[in-house]
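What follows is a short report on a single structure.
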Amino acid sequence: MAIVTIIGGQWGDEGKGKIIDHLAKNADLVARYSGGNNAGHTIENDYGKFALHLVPCGVGWEGTINLIGSGTVIDPDVLIDELELISKNSLPGEIFISEKAHMIMPYHIKLDQAEENDRGSEAVGTTGRGIGPAYSDKISRNGIRVGDLKDIDLLQKKISKNLNFKNKILREIYETEEISEKEIFEKIDNWQNKLSKYIANTEQIIHRNIEEKKFILLEGAQGALLDIDHGTYPYVTSSNSISGGSLTGLGIGAKEIDKVMGVFKAFTTRVGEGPFPTEIFGENAEKIREIAGEFGATTGRPRRIGWFDAVAAKYSTKINGLDSIVITKLDILDHFEKIKVCTAYEYKGEKLDFFPTDPEILSNIKPIYEEFEGWDESTYNLNSYEKINEIAKVFISKLENILDVPIDVISTGPSRNATIIRNELI
(Lines give C-alpha, C1' and ligand atoms only; values in the text may rest on other atoms or scores of the structure.)
Protein backbone atom coordinates (compact mmCIF):
# COMPACT_ATOMS: atom_id res chain seq x y z
CA MET A 1 0.00 0.00 0.00
CA ALA A 2 2.51 2.69 1.13
CA ILE A 3 5.52 3.34 3.32
CA VAL A 4 5.52 6.78 4.93
CA THR A 5 8.38 8.26 6.97
CA ILE A 6 7.40 10.92 9.50
CA ILE A 7 10.12 13.16 10.90
CA GLY A 8 10.36 16.22 13.11
CA GLY A 9 11.42 19.21 11.07
CA GLN A 10 12.77 21.38 13.88
CA TRP A 11 14.60 20.61 17.16
CA GLY A 12 12.14 17.95 18.29
CA ASP A 13 8.89 18.14 20.28
CA GLU A 14 6.94 19.11 17.14
CA GLY A 15 3.94 16.91 17.93
CA LYS A 16 4.92 13.89 15.84
CA GLY A 17 3.27 11.54 18.34
CA LYS A 18 -0.22 12.85 17.73
CA ILE A 19 0.19 12.81 13.96
CA ILE A 20 1.61 9.30 13.90
CA ASP A 21 -1.13 8.15 16.26
CA HIS A 22 -3.70 9.71 13.92
CA LEU A 23 -2.28 7.96 10.85
CA ALA A 24 -1.68 4.71 12.71
CA LYS A 25 -5.40 3.93 12.79
CA ASN A 26 -4.99 2.74 9.19
CA ALA A 27 -1.45 1.39 9.54
CA ASP A 28 -0.47 -2.25 9.62
CA LEU A 29 2.95 -1.52 11.11
CA VAL A 30 4.60 1.41 12.91
CA ALA A 31 8.39 1.35 13.40
CA ARG A 32 10.70 3.51 15.49
CA TYR A 33 14.15 3.76 13.89
CA SER A 34 16.51 5.91 15.98
CA GLY A 35 17.26 7.43 19.37
CA GLY A 36 16.40 6.24 22.83
CA ASN A 37 14.52 7.47 25.86
CA ASN A 38 16.05 10.90 25.41
CA ALA A 39 13.06 11.49 23.14
CA GLY A 40 9.46 11.49 24.23
CA HIS A 41 6.11 11.69 22.54
CA THR A 42 2.70 12.17 24.09
CA ILE A 43 -0.35 10.48 22.63
CA GLU A 44 -3.94 10.99 23.70
CA ASN A 45 -6.46 8.34 22.73
CA ASP A 46 -9.45 6.35 23.95
CA TYR A 47 -7.25 4.61 26.52
CA GLY A 48 -5.95 7.83 28.09
CA LYS A 49 -3.00 10.18 27.76
CA PHE A 50 0.45 8.58 27.61
CA ALA A 51 4.01 9.91 27.48
CA LEU A 52 6.00 7.24 25.65
CA HIS A 53 9.75 7.26 25.07
CA LEU A 54 10.55 4.04 23.23
CA VAL A 55 7.40 2.22 22.13
CA PRO A 56 5.96 3.47 18.80
CA CYS A 57 2.74 5.47 18.72
CA GLY A 58 0.81 2.73 16.92
CA VAL A 59 0.43 0.85 20.19
CA GLY A 60 -2.92 2.57 20.73
CA TRP A 61 -4.56 0.87 17.74
CA GLU A 62 -5.94 -2.66 17.48
CA GLY A 63 -4.06 -4.95 15.10
CA THR A 64 -1.08 -2.65 14.60
CA ILE A 65 2.44 -4.10 14.77
CA ASN A 66 4.94 -1.84 16.55
CA LEU A 67 8.67 -2.32 15.94
CA ILE A 68 11.60 -0.85 17.85
CA GLY A 69 14.36 -1.00 15.25
CA SER A 70 18.07 -1.73 15.27
CA GLY A 71 18.96 1.97 15.03
CA THR A 72 17.63 2.67 18.51
CA VAL A 73 19.35 2.38 21.89
CA ILE A 74 17.24 0.93 24.69
CA ASP A 75 17.38 1.39 28.43
CA PRO A 76 15.87 -1.95 29.48
CA ASP A 77 14.51 -0.62 32.78
CA VAL A 78 12.72 2.25 31.03
CA LEU A 79 11.33 -0.07 28.35
CA ILE A 80 10.05 -2.52 30.96
CA ASP A 81 8.25 0.30 32.78
CA GLU A 82 6.71 1.42 29.49
CA LEU A 83 5.59 -2.10 28.57
CA GLU A 84 3.99 -2.50 31.99
CA LEU A 85 2.16 0.81 31.56
CA ILE A 86 0.89 -0.35 28.18
CA SER A 87 -0.23 -3.68 29.60
CA LYS A 88 -1.92 -2.05 32.60
CA ASN A 89 -3.95 0.21 30.33
CA SER A 90 -4.72 -2.56 27.83
CA LEU A 91 -3.31 -0.75 24.80
CA PRO A 92 -3.86 -3.26 22.00
CA GLY A 93 -0.89 -2.89 19.62
CA GLU A 94 1.60 -5.75 19.18
CA ILE A 95 5.25 -4.96 20.05
CA PHE A 96 8.58 -6.33 18.80
CA ILE A 97 12.14 -5.24 19.65
CA SER A 98 15.05 -5.68 17.25
CA GLU A 99 17.60 -8.17 18.50
CA LYS A 100 20.21 -5.85 16.98
CA ALA A 101 19.18 -2.76 18.95
CA HIS A 102 21.82 -1.74 21.49
CA MET A 103 21.15 -1.52 25.20
CA ILE A 104 21.97 1.35 27.52
CA MET A 105 23.87 -0.01 30.49
CA PRO A 106 24.06 1.67 33.93
CA TYR A 107 27.67 2.62 33.17
CA HIS A 108 26.53 4.50 30.07
CA ILE A 109 24.26 6.69 32.19
CA LYS A 110 26.99 7.28 34.76
CA LEU A 111 29.52 8.21 32.06
CA ASP A 112 27.05 10.50 30.30
CA GLN A 113 26.38 12.45 33.47
CA ALA A 114 30.05 12.59 34.47
CA GLU A 115 31.13 13.85 31.05
CA GLU A 116 28.41 16.49 30.88
CA ASN A 117 29.29 17.69 34.37
CA ASP A 118 32.97 17.84 33.40
CA ARG A 119 32.16 20.12 30.44
CA GLY A 120 30.99 22.81 32.86
CA SER A 121 29.95 25.97 31.01
CA GLU A 122 30.49 24.20 27.68
CA ALA A 123 27.89 21.50 28.42
CA VAL A 124 26.03 20.25 25.35
CA GLY A 125 22.76 19.81 27.23
CA THR A 126 22.33 16.03 27.06
CA THR A 127 19.50 14.40 28.96
CA GLY A 128 22.03 12.37 30.96
CA ARG A 129 20.32 9.12 30.02
CA GLY A 130 23.35 7.37 28.53
CA ILE A 131 22.39 7.77 24.88
CA GLY A 132 25.72 9.14 23.62
CA PRO A 133 27.94 6.62 25.44
CA ALA A 134 25.72 3.75 24.24
CA TYR A 135 26.07 4.88 20.62
CA SER A 136 29.81 5.36 21.19
CA ASP A 137 30.11 1.73 22.28
CA LYS A 138 28.10 0.68 19.25
CA ILE A 139 30.49 2.47 16.89
CA SER A 140 33.59 1.17 18.70
CA ARG A 141 32.12 -2.36 18.56
CA ASN A 142 31.87 -2.76 22.32
CA GLY A 143 28.10 -2.51 22.55
CA ILE A 144 25.64 -4.80 24.30
CA ARG A 145 22.70 -5.73 22.08
CA VAL A 146 19.18 -6.77 23.02
CA GLY A 147 19.82 -10.16 21.43
CA ASP A 148 22.59 -10.76 23.98
CA LEU A 149 19.85 -11.39 26.56
CA LYS A 150 19.42 -14.83 24.98
CA ASP A 151 22.70 -16.04 26.53
CA ILE A 152 23.18 -14.77 30.08
CA ASP A 153 26.64 -16.32 30.55
CA LEU A 154 28.01 -14.67 27.42
CA LEU A 155 26.28 -11.40 28.32
CA GLN A 156 27.91 -11.34 31.74
CA LYS A 157 31.33 -11.84 30.16
CA LYS A 158 30.75 -8.93 27.79
CA ILE A 159 29.57 -6.69 30.62
CA SER A 160 32.53 -7.61 32.84
CA LYS A 161 34.97 -6.76 30.07
CA ASN A 162 33.31 -3.42 29.39
CA LEU A 163 32.85 -2.54 33.04
CA ASN A 164 36.53 -2.95 33.83
CA PHE A 165 37.36 -0.26 31.28
CA LYS A 166 34.41 2.01 32.12
CA ASN A 167 35.20 1.99 35.82
CA LYS A 168 38.77 2.96 35.05
CA ILE A 169 37.46 6.02 33.22
CA LEU A 170 35.04 6.88 36.03
CA ARG A 171 37.74 6.46 38.66
CA GLU A 172 40.81 7.97 37.02
CA ILE A 173 39.38 10.64 34.71
CA TYR A 174 36.16 11.78 36.32
CA GLU A 175 37.13 10.87 39.89
CA THR A 176 33.67 9.59 40.62
CA GLU A 177 32.13 6.47 42.12
CA GLU A 178 32.46 3.22 40.19
CA ILE A 179 29.61 0.89 39.27
CA SER A 180 29.64 -2.58 40.76
CA GLU A 181 29.34 -5.65 38.59
CA LYS A 182 26.82 -7.06 41.04
CA GLU A 183 24.54 -4.05 40.55
CA ILE A 184 24.24 -4.83 36.84
CA PHE A 185 24.11 -8.61 37.13
CA GLU A 186 21.18 -8.35 39.55
CA LYS A 187 19.17 -6.64 36.82
CA ILE A 188 19.86 -9.12 34.02
CA ASP A 189 17.38 -11.82 35.04
CA ASN A 190 14.58 -9.26 35.18
CA TRP A 191 15.56 -7.89 31.77
CA GLN A 192 15.52 -11.36 30.27
CA ASN A 193 12.23 -12.34 31.92
CA LYS A 194 10.40 -9.17 30.94
CA LEU A 195 11.81 -8.57 27.44
CA SER A 196 12.55 -11.96 25.86
CA LYS A 197 9.07 -12.49 24.42
CA TYR A 198 9.34 -9.21 22.49
CA ILE A 199 12.78 -9.80 20.93
CA ALA A 200 12.66 -10.58 17.21
CA ASN A 201 14.35 -10.31 13.85
CA THR A 202 12.51 -7.11 13.00
CA GLU A 203 13.98 -6.91 9.51
CA GLN A 204 12.11 -10.08 8.60
CA ILE A 205 8.88 -8.64 9.97
CA ILE A 206 9.14 -5.35 8.10
CA HIS A 207 10.33 -7.02 4.86
CA ARG A 208 7.35 -9.37 4.96
CA ASN A 209 4.97 -6.45 5.43
CA ILE A 210 6.61 -4.62 2.52
CA GLU A 211 6.19 -7.68 0.28
CA GLU A 212 2.54 -7.90 1.31
CA LYS A 213 2.11 -4.21 0.41
CA LYS A 214 0.95 -3.22 3.87
CA PHE A 215 0.65 0.38 5.10
CA ILE A 216 3.80 1.11 7.11
CA LEU A 217 4.68 4.21 9.15
CA LEU A 218 8.32 4.92 10.01
CA GLU A 219 8.43 7.00 13.17
CA GLY A 220 11.20 9.51 13.68
CA ALA A 221 12.36 10.70 17.08
CA GLN A 222 13.54 14.19 18.03
CA GLY A 223 14.06 16.55 15.08
CA ALA A 224 16.12 16.98 11.92
CA LEU A 225 18.08 19.92 13.34
CA LEU A 226 19.39 17.58 16.05
CA ASP A 227 20.75 15.06 13.54
CA ILE A 228 24.32 13.96 14.35
CA ASP A 229 25.52 14.78 10.81
CA HIS A 230 23.19 17.54 9.62
CA GLY A 231 22.12 19.29 12.81
CA THR A 232 23.62 22.13 14.85
CA TYR A 233 26.72 20.15 15.84
CA PRO A 234 27.92 19.69 18.58
CA TYR A 235 24.51 20.56 20.07
CA VAL A 236 22.89 17.51 18.53
CA THR A 237 21.74 14.02 19.40
CA SER A 238 23.84 10.90 18.81
CA SER A 239 21.91 9.37 15.93
CA ASN A 240 20.47 10.19 12.51
CA SER A 241 17.09 11.77 13.12
CA ILE A 242 16.57 12.80 9.48
CA SER A 243 14.52 10.67 7.11
CA GLY A 244 17.60 8.78 5.89
CA GLY A 245 17.96 7.29 9.35
CA SER A 246 14.77 5.33 8.78
CA LEU A 247 16.55 3.24 6.15
CA THR A 248 19.64 2.35 8.17
CA GLY A 249 17.74 2.10 11.44
CA LEU A 250 15.28 -0.47 10.12
CA GLY A 251 17.16 -2.24 7.33
CA ILE A 252 15.08 -1.22 4.32
CA GLY A 253 16.03 0.19 0.93
CA ALA A 254 15.57 3.80 -0.20
CA LYS A 255 13.36 2.83 -3.13
CA GLU A 256 10.77 1.43 -0.72
CA ILE A 257 9.82 4.84 0.72
CA ASP A 258 6.72 6.34 -0.89
CA LYS A 259 6.39 9.55 1.10
CA VAL A 260 8.29 11.65 3.64
CA MET A 261 6.26 13.91 5.92
CA GLY A 262 7.77 16.62 8.10
CA VAL A 263 6.10 17.89 11.27
CA PHE A 264 6.64 21.52 12.31
CA LYS A 265 5.14 23.61 15.09
CA ALA A 266 3.61 26.94 14.06
CA PHE A 267 6.37 28.42 16.20
CA THR A 268 9.72 26.93 17.26
CA THR A 269 11.05 25.35 20.45
CA ARG A 270 14.31 23.88 21.61
CA VAL A 271 15.43 22.00 24.73
CA GLY A 272 18.98 22.25 26.04
CA GLU A 273 21.96 24.19 24.78
CA GLY A 274 22.77 25.31 21.26
CA PRO A 275 22.09 28.18 18.85
CA PHE A 276 18.48 29.22 18.33
CA PRO A 277 18.21 32.19 15.93
CA THR A 278 14.55 33.08 16.55
CA GLU A 279 14.54 32.58 20.32
CA ILE A 280 12.39 35.06 22.21
CA PHE A 281 12.15 35.94 25.89
CA GLY A 282 9.80 37.75 28.20
CA GLU A 283 6.02 37.92 28.02
CA ASN A 284 5.50 36.31 24.60
CA ALA A 285 7.81 33.40 25.39
CA GLU A 286 6.13 32.76 28.74
CA LYS A 287 2.70 33.02 27.16
CA ILE A 288 3.48 30.40 24.52
CA ARG A 289 5.21 28.13 27.04
CA GLU A 290 2.28 28.14 29.45
CA ILE A 291 -0.55 27.90 26.90
CA ALA A 292 1.18 25.21 24.85
CA GLY A 293 2.58 23.29 27.84
CA GLU A 294 6.10 23.54 26.49
CA PHE A 295 7.90 21.36 28.99
CA GLY A 296 9.92 18.31 27.96
CA ALA A 297 8.09 14.96 27.98
CA THR A 298 11.38 13.28 28.89
CA THR A 299 13.07 15.79 31.21
CA GLY A 300 10.30 18.14 32.30
CA ARG A 301 12.62 21.03 31.42
CA PRO A 302 10.96 24.22 30.16
CA ARG A 303 11.50 24.48 26.43
CA ARG A 304 13.08 27.52 24.84
CA ILE A 305 10.63 29.43 22.67
CA GLY A 306 10.96 31.21 19.34
CA TRP A 307 9.00 32.35 16.31
CA PHE A 308 8.75 30.12 13.24
CA ASP A 309 12.12 29.94 11.50
CA ALA A 310 11.37 29.46 7.81
CA VAL A 311 15.07 29.46 6.89
CA ALA A 312 15.77 26.49 9.17
CA ALA A 313 12.54 24.84 8.03
CA LYS A 314 13.52 25.21 4.37
CA TYR A 315 16.86 23.54 5.13
CA SER A 316 14.96 20.75 6.84
CA THR A 317 12.75 20.17 3.80
CA LYS A 318 15.89 19.65 1.71
CA ILE A 319 17.86 17.29 3.96
CA ASN A 320 14.76 15.15 4.49
CA GLY A 321 13.34 15.25 0.97
CA LEU A 322 9.92 16.26 2.26
CA ASP A 323 6.83 15.57 0.16
CA SER A 324 4.36 16.84 2.72
CA ILE A 325 4.24 19.09 5.78
CA VAL A 326 2.22 18.99 8.99
CA ILE A 327 1.79 22.19 11.02
CA THR A 328 0.95 21.61 14.68
CA LYS A 329 -0.24 23.87 17.49
CA LEU A 330 -1.74 26.47 15.17
CA ASP A 331 -4.27 27.17 17.92
CA ILE A 332 -1.53 28.49 20.22
CA LEU A 333 -1.10 31.49 17.92
CA ASP A 334 -4.78 32.42 18.40
CA HIS A 335 -3.66 34.43 21.43
CA PHE A 336 -1.36 36.94 19.69
CA GLU A 337 -2.03 40.31 18.04
CA LYS A 338 1.16 40.04 15.97
CA ILE A 339 2.89 36.90 14.71
CA LYS A 340 6.38 36.74 13.25
CA VAL A 341 8.06 34.44 10.73
CA CYS A 342 11.82 34.54 10.15
CA THR A 343 12.42 34.65 6.38
CA ALA A 344 16.17 35.41 6.33
CA TYR A 345 19.16 36.08 8.60
CA GLU A 346 21.62 38.92 8.91
CA TYR A 347 25.27 38.15 9.66
CA LYS A 348 27.91 40.88 9.80
CA GLY A 349 25.77 43.13 7.64
CA GLU A 350 25.13 40.44 5.02
CA LYS A 351 21.71 38.92 4.34
CA LEU A 352 21.65 35.11 4.44
CA ASP A 353 18.83 33.07 2.92
CA PHE A 354 20.35 29.71 3.88
CA PHE A 355 20.79 27.87 7.17
CA PRO A 356 24.45 27.87 8.30
CA THR A 357 25.26 24.91 10.51
CA ASP A 358 28.38 26.49 11.99
CA PRO A 359 27.39 27.13 15.63
CA GLU A 360 29.50 30.27 15.84
CA ILE A 361 27.69 31.85 12.90
CA LEU A 362 24.29 30.63 14.08
CA SER A 363 24.89 32.09 17.52
CA ASN A 364 25.63 35.53 16.08
CA ILE A 365 23.07 35.93 13.33
CA LYS A 366 20.02 38.14 13.62
CA PRO A 367 16.63 36.99 12.34
CA ILE A 368 14.90 39.06 9.67
CA TYR A 369 11.17 38.84 10.31
CA GLU A 370 8.01 39.22 8.31
CA GLU A 371 5.17 40.24 10.62
CA PHE A 372 1.58 39.02 10.33
CA GLU A 373 -1.62 40.24 11.90
CA GLY A 374 -3.05 37.88 14.50
CA TRP A 375 -6.47 36.42 13.73
CA ASP A 376 -8.06 36.97 17.15
CA GLU A 377 -10.35 34.00 16.66
CA SER A 378 -10.17 30.48 18.04
CA THR A 379 -8.91 27.70 15.83
CA TYR A 380 -8.89 25.27 18.77
CA ASN A 381 -10.26 21.82 17.93
CA LEU A 382 -11.23 22.77 14.39
CA ASN A 383 -11.18 19.86 11.94
CA SER A 384 -12.15 21.65 8.73
CA TYR A 385 -9.98 24.07 6.77
CA GLU A 386 -13.05 26.00 5.65
CA LYS A 387 -13.72 26.98 9.26
CA ILE A 388 -10.30 28.57 9.77
CA ASN A 389 -10.12 32.36 9.90
CA GLU A 390 -9.01 33.95 6.60
CA ILE A 391 -6.09 35.73 8.29
CA ALA A 392 -4.84 32.40 9.67
CA LYS A 393 -5.08 31.00 6.13
CA VAL A 394 -2.76 33.79 4.95
CA PHE A 395 -0.22 32.62 7.54
CA ILE A 396 -0.51 29.00 6.36
CA SER A 397 -0.22 30.01 2.70
CA LYS A 398 2.90 32.05 3.43
CA LEU A 399 4.63 29.10 5.06
CA GLU A 400 3.60 26.84 2.20
CA ASN A 401 4.98 29.26 -0.39
CA ILE A 402 8.30 29.74 1.41
CA LEU A 403 8.87 26.04 2.02
CA ASP A 404 7.60 24.99 -1.42
CA VAL A 405 6.06 21.86 0.06
CA PRO A 406 2.30 21.35 0.52
CA ILE A 407 0.93 21.70 4.05
CA ASP A 408 -1.39 18.71 4.05
CA VAL A 409 -2.25 18.53 7.75
CA ILE A 410 -2.90 21.15 10.43
CA SER A 411 -3.26 20.25 14.09
CA THR A 412 -5.45 22.51 16.24
CA GLY A 413 -5.32 20.72 19.58
CA PRO A 414 -4.03 17.59 21.33
CA SER A 415 -6.99 15.28 20.67
CA ARG A 416 -7.19 12.95 17.68
CA ASN A 417 -10.16 14.82 16.23
CA ALA A 418 -8.51 18.26 16.33
CA THR A 419 -6.86 17.59 12.98
CA ILE A 420 -7.44 19.17 9.59
CA ILE A 421 -6.62 17.00 6.59
CA ARG A 422 -6.28 19.29 3.55
CA ASN A 423 -5.03 16.68 1.09
CA GLU A 424 -5.11 12.90 0.97
CA LEU A 425 -2.00 11.57 2.71
CA ILE A 426 -1.66 8.13 1.14
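The values are calculated or read from the model by the stated rules, or taken from the named source; none is laboratory data. What you are looking at is a predicted structure, and each value in this text was computed from that prediction instead of being measured. Using ideal geometry, Cβ is built from the backbone for each residue, glycine included, and neighbour counts are taken over all protein chains shown.
Tabulated values for the structure
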quantity: Residue count, the range 1-34 (criterion: hydrophobic (A, V, I, L, M, F, W, C) and part of a helix (DSSP H, G or I)); calculated: 4
quantity: Residue list for the range 193-219, restricted to those being touching a helix residue (DSSP H, G or I) at 6+ places or on another chain (Cβ under 7 Å), buried (at least 17 other Cβ atoms within 10 Å of the Cβ) and either among the basic types (Lys, Arg) or farther than 16 Å from Val59 by Cα (or both); calculated: Lys194, Leu195, Ile199
quantity: Test: residue in the range 82-89 that is in contact (Cβ under 8 Å) with a residue 12 or more places away in the chain, of a type outside the set (Phe, Trp, Tyr) and crowded, with 24+ Cβ neighbours inside 10 Å; calculated: no
quantity: Selection from the range 154-170 of residues that are touching a residue at least 60 places away in the same chain (Cβ under 8 Å) and either of a type in the set (A, V, I, L, M) or exposed (fewer than 12 other Cβ atoms within 10 Å of the Cβ) (or both); calculated: Leu170
quantity: Residues of the range 171-210 satisfying the condition of being within 30 Å of Lys255 (Cα to Cα), of a type outside the set (A, V, I, L, M, F, W, C), in contact (Cβ under 8 Å) with a residue 24 or more places away in the chain and in a helix (DSSP H, G or I); calculated: Tyr198, Thr202, Glu203, His207, Asn209
quantity: Residues satisfying the stated conditions in the range 1-46, i.e. farther than 15 Å from Asn417 by Cα and at pLDDT below 80; calculated: Met1, Ala39, Gly40, His41, Thr42
quantity: Top-ranked residue of the range 289-311 - restricted to ones that are touching a helix residue (DSSP H, G or I) at 6+ places or on another chain (Cβ under 6 Å) and crowded, with 18+ Cβ neighbours inside 10 Å, ranked as nearest to Glu370 (Cα to Cα); calculated: Ala310
quantity: Filtered residue count, the range 91-127, keeping only those that are of a type outside the set (Phe, Trp, Tyr) and more than 22 Å from Ser196 (Cβ to Cβ); calculated: 19
quantity: In the range 320-332, the residues that are part of a helix (DSSP H, G or I), aliphatic (A, V, I, L, M) and either without any contact (Cβ under 8 Å) to a residue 12 or more places away in the chain or in contact with a Ser or Thr (Cβ under 8 Å, 6 or more places away or on another chain) (or both); calculated: Leu330
quantity: Strands (runs of 3 or more DSSP E) enclosed by the range 35-125 - at least 2 residues per element that are closer than 25 Å to Leu250 by Cα and among the aliphatic types (A, V, I, L, M); calculated: 48-52, 65-68, 94-98
quantity: Residues of the range 64-107 satisfying the condition of being among the charged types (D, E, K, R) and either over 19 Å from the mean Cα position of the chain (by Cα) or within 17 Å of Leu247 (Cα to Cα) (or both); calculated: Asp77, Asp81, Glu84, Lys88, Glu94, Glu99, Lys100
quantity: Check on Arg129, within 23 Å of Asp227 (Cβ to Cβ), assigned to a helix (DSSP H, G or I) and charged (D, E, K, R); calculated: no
quantity: Which listed residue is of a type outside the set (Asp, Glu) and either out of contact with any helix residue (DSSP H, G or I) (no Cβ under 6 Å at 6 or more places or on another chain) or farther than 24 Å from Leu225 by Cβ (or both), from Ile407, Ile421; calculated: Ile421
quantity: Selection count where residues are of a type in the set (A, V, I, L, M) and without any contact (Cβ under 8 Å) to a residue 24 or more places away in the chain, scope the range 354-383; calculated: 1
